[in-house]
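In what follows, a single structure is set out as structure tokens and then discussed.
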Amino acid sequence: MNSVTLDAEITLNKNVETTWDYYTKPEHITKWNTAHESWHCPSASNDLKVGGKFFSRLEAKDGSMGFDFEGIYDEIIQFQLIKYTMKDGRKVTTTFTGNSNQTTTLKNVYDPDNKYPIEHQKQGNQCILNNFKNYIESL
């Protein structure tokens, strides 16, 4: 694997428990898990436990392309940490930090893939987190 890691981070105006629930429940994942408005996430499943699997189907709304995003959980500390390995072997660590003013900082640190430019991956992952922020703060 590449020794370089990438990251994306947001601070949300929601407490850590609410942030965790909306980040991990499939009925919410399908509402925010895209990098661009021309895409959608028609289905998701999530068995949130060590050894459990997650799955999201991501597709262009025009049907021109799509892919499955999936992996297996390596470590979970409720309301604090999620570590997983994607199907291609890359690792991701997501941290949830509850702040004293009832906000939450959410950070993803992840291994880049070798197919796409680093800057493209950074932008895409930041857009996904921004979509999550927009979704959760609109509720």
Simple spin-label model, 7 Å along Cα-to-Cβ: Asp7 to Leu48 in nm?
2.3
Computed Rg/Rh for the chain (Cα atoms; Rh = Kirkwood radius) stands at 0.94
Gain in span if fully extended, Glu137 to Thr85, counting 0.36 nm per residue against the direct Cα distance:
15.9 nm
Whole-Hz Karplus ³J(HN,Hα) for segment 123-139, in order, using 6.51 cos²θ - 1.76 cosθ + 1.60 and θ = phi - 60°, x for Gly and Pro?
4, x, 5, 5, 4, 4, 5, 4, 4, 4, 4, 4, 5, 5, 6, 7, 8
Extension gain (nm, one decimal) between Ala60 and Asp113, 0.36 nm per residue minus Cα-Cα:
17.0 nm
Are any of the pairs Lys87/Lys115; Lys14/Lys91; Lys61/Lys91; Lys61/Lys133; Lys31/Lys115 more than 24 Å apart by Cα-Cα distance, and if so, which?
Lys14/Lys91; Lys61/Lys91; Lys31/Lys115
Total charge of the residues flanking Lys87 in space, meaning their Cβ is under 10 Å from its Cβ, with Lys and Arg +1 and Asp and Glu -1, is -1
For labels at His120 and Thr105 in the simple 7 Å Cα→Cβ model, what's the distance in nm?
3.1
Taking Cα atoms of segment 7-64, Rg/Rh with Kirkwood Rh, to two decimals?
1.01
For the pair Lys25 and Thr97, what calculated FRET efficiency results from E = 1/(1 + (r/R0)^6), where r is the Cβ-Cβ distance and R0 = 30 Å, to the nearest 0.05?
0.90
GNM of the chain, Cα pairs under 10 angstrom: of Phe54, Phe69, Phe96, the biggest fluctuation goes to Phe69
Where labels lie 7 Å past Cα in the beta-carbon direction, separation of Asn130 and Asn15 in nm
3.0
At a 1.4 Å probe radius, which order do Arg57, Arg90 fall into by accessible area, largest first?
Arg57, Arg90
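The values are calculated or read from the model by the stated rules, or taken from the named source; none is laboratory data. The structure displayed is predicted, hence computed values, not measured ones. Cβ coordinates were reconstructed from backbone atoms using ideal geometry, including for glycine residues, and neighbour counts include every protein chain displayed. Each accessible area value is taken on the protein alone, full model and side chains, heavy atoms only, with ligands, DNA and RNA left out. Shrake-Rupley method; radii C 1.70, N 1.55, O 1.52, S 1.80 Å.
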